[in-house]
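Working notes, structure below.
What follows is calculated from the coordinates using simple rules that are stated; it is not laboratory data. Remember, it's a predicted structure, so these values are computed and weren't measured experimentally. Positions of Cβ are generated from backbone atoms using ideal geometry, with glycine treated the same way; all protein chains shown enter the neighbour counts.
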Amino acid sequence: MQKKKLVVVNFKMNLATLTENEYWLDNFFRAKKDFVTKQTELVLCPSLIFWDVFLKRINKDDWVSLGAQNCFWEDKGAFTGEVGPQMLKSREGKYVIVGHSERRKYLKETDEENNLKIATLLKNGLVPIFCLGESWEERKVGLTWKVISSQLKKGLENIRKNQAEKIVFCYEPVWAISANNSGKIPSNNEVMEARLMIKKSIKECYDEKVAEKVLVIYGGSVDEKNLQDVCLSAGMEGVLLGKTGLLVYELLKIVKKMEE
Ligand code: PGA
């Protein structure tokens with residue numbers, strides 16, 4: 001059976017008001033009309049405060065699902081200000097981004113915390129989209145693979161094989177994220193190498209079967225023009241979009257290209 005491809009939109013804190021979120025949704029549904037996908041799932045990760053606005057609109061589309069940008073690592077309890085996996089699950093959440101470099105940077109989130117989050121998410125039937133990636137400084141001194149495999153192995157500690165298969169791994173070099181303004185993007189070869197490295201590390205943690213089964217996607221300044229080079233011909237099975245996801249027509253062009 002062919003694996004589904006993923007297009008994930010990380011809205012971050014970009015659409016700040018209800019009006020902006022409704023405007024995006026209006027445009028999206030107008031532009032997509034009756035379009036349906038056969039092999040691509042679109043995962044929208046809005047701010048939790050606007051979650052229900054999205055939920056009301058998308059629940060009839062089985063190729064569009066909802067994801068959160070973060071989640072706490074306990075099921076429930078006295079954790080002020082946090083949102084737990086059971087809350088997301090009860091509001092039809094399906095995916096959760098874990099380990100995004102902006103959370104590692106601004107919230108000082110650690111590999112150990114990401115590991116706890118991955119375990120809780122899987123236990124609750126949610127799919128972690130686990131972000132891995134090196135900084136420019138790390139790449140310059142040849143630490144790319146060491147950083148990625150260390151993030152991956154720490155994140156997977158004590159995660160059972162049959163659970164690990166469900167994780168989506170996202171290679172997202174920190175320096176390629178558009179918000180970091182580097183103007184740089186990895187070459188087709190570099191993305192291909194990263195994919196192989198991720199698969200190799202998964203194989204080291206489990207076995208070939210798990211490595212083959214998991215989805216590996218790419219994130220960082222993807223647009224319609226570079227999609228083929230940086231993602232599809234590099235063997236990636238999906239994309240994580242920030243900036244481009246805000247542009248409905250560009251987003252739909254990407255979804256359509258994934259379907260080809
Ligand atoms: P970008 O963001 O597509 O704007 O580079 C991707 C991300 O940070 O997830």
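Measure of size requested: the Rg and Dmax of segment 1-73, with Cα atoms as the atom set and Å as the unit; please supply both.
12.8, 41
Could you pull out the longest piece of the chain with no exposed loop chymotrypsin sites (Phe, Trp or Tyr not before Pro) in it, calling a site exposed if DSSP puts it outside H, G, I, E, B and it has at most 16 other Cβ atoms within 10 Å?
Values: sites that count: F35, F79.
With a cap of 16 other Cβ atoms within 10 Å, the longest stretch comes to 80-260.
Compactness ratio of the chain: Cα Rg over 2.2 N^0.38 Å, N = residue count? Please report the intermediate quantities before stating the final value.
On the way: Rg = 17.2 Å, N = 260, 2.2 N^0.38 = 18.2 Å.
Ratio of Rg to 2.2 N^0.38 Å for the chain: 0.95.
How large is Rg over Rh for segment 84-235, taking Rg from the Cα atoms and Rh as the Kirkwood inverse mean of 1/r across Cα pairs? Show your work: numbers first, answer last.
Details: Rg = 15.0 Å, Rh = 15.8 Å.
My calculation of the ratio gives 0.95.
Across all directions of projection, what mean area in square nanometres is found for the Cα convex hull of segment 1-130?
Working: hull surface 35.3 nm².
Its Cα hull, projected and averaged over all orientations, spans 8.8 nm².
What number, rounded to the nearest 500 deg cm²/dmol, is the helix-based mean residue ellipticity at 222 nm of the chain, given -39500 (n - 2.57) per DSSP H run of at least four residues and division by all its residues? Please report the intermediate quantities before stating the final value.
Values: 11 runs with 105 residues, N = 260.
Theoretical 222 nm ellipticity from helices: -11500 deg cm²/dmol.
Convert each backbone phi in segment 130-144 into a coupling constant with the Karplus relation 6.51 cos²θ - 1.76 cosθ + 1.60 (shift: θ = phi - 60°), then list the ³J(HN,Hα) values in order as whole Hz, x for Gly and Pro.
8, 8, 10, x, 9, 7, 4, 4, 5, 5, 4, 9, x, 9, 3
Out of residues 5 or more away from G238 or on other chains, whose amide H comes under 5 Å of its own, with H placed 1.01 Å from N in the peptide plane?
L6, Y218
Could you tell me what fraction of 2.2 N^0.38 Å the Cα radius of gyration of segment 59-166 comes to, as a two-decimal ratio? Intermediate results must be reported in sequence, preceding the final value.
Values: Rg = 14.8 Å, N = 108, 2.2 N^0.38 = 13.0 Å.
Normalised Cα radius of gyration, segment 59-166: 1.14.
As an exercise, find the ratio Rg/Rh for segment 194-260 from alpha-carbon atoms, using the Kirkwood inverse-distance average for Rh.
On the way: Rg = 13.5 Å, Rh = 12.8 Å.
When Rh is taken as the Kirkwood radius, the ratio is 1.06.
Work out, step by step, the length gained on full extension between K243 and S187: first 0.36 nm times the residue separation, then minus their alpha carbon distance; give nm to one decimal.
Values: separation 56, 0.36 × 56 = 20.16 nm, distance 1.96 nm.
Between K243 and S187, full extension yields an extra 18.2 nm.
Assign unit charges at the C-beta atoms only (+1 for Lys and Arg, -1 for Asp and Glu), then state the dipole size of the chain relative to its Cα centre in Debye, rounded to the nearest 20.
Result for the chain is approximately 340 debye, rounded to the nearest 20.
Just flag the trypsin sites (Lys or Arg not before Pro) in segment 95-162 sitting in loop per DSSP whose Cβ has no more than 10 other Cβ atoms within 10 Å.
Working: sites: R103, R104, K105, K108, K117, K123, R139, K140, K146, K153, K154, R160, K161; in loops: K108, R160.
Taking segment 95-162 and a limit of 10 other Cβ atoms within 10 Å, the loop trypsin sites (Lys or Arg not before Pro) found are K108.
Please list the equivalent ellipsoid semi-axes of segment 62-109, computed as the square roots of five times the alpha-carbon gyration tensor eigenvalues, in descending order and whole angstrom. Present the calculation step by step, with values, prior to reporting the outcome.
On the way: eigenvalues 79, 54, 8 Å².
Sorted largest first and rounded, they come to 20, 16, 6 Å.
Given 10 °C and 1.306 mPa s, how large is the Stokes-Einstein diffusion coefficient of segment 158-232 in µm²/s, with Rh as the Kirkwood radius over Cα pairs? If you can, show how the numbers build up before the last one.
Numbers: Rh = 13.3 Å.
Stokes-Einstein gives a translational diffusion coefficient of 120 µm²/s.
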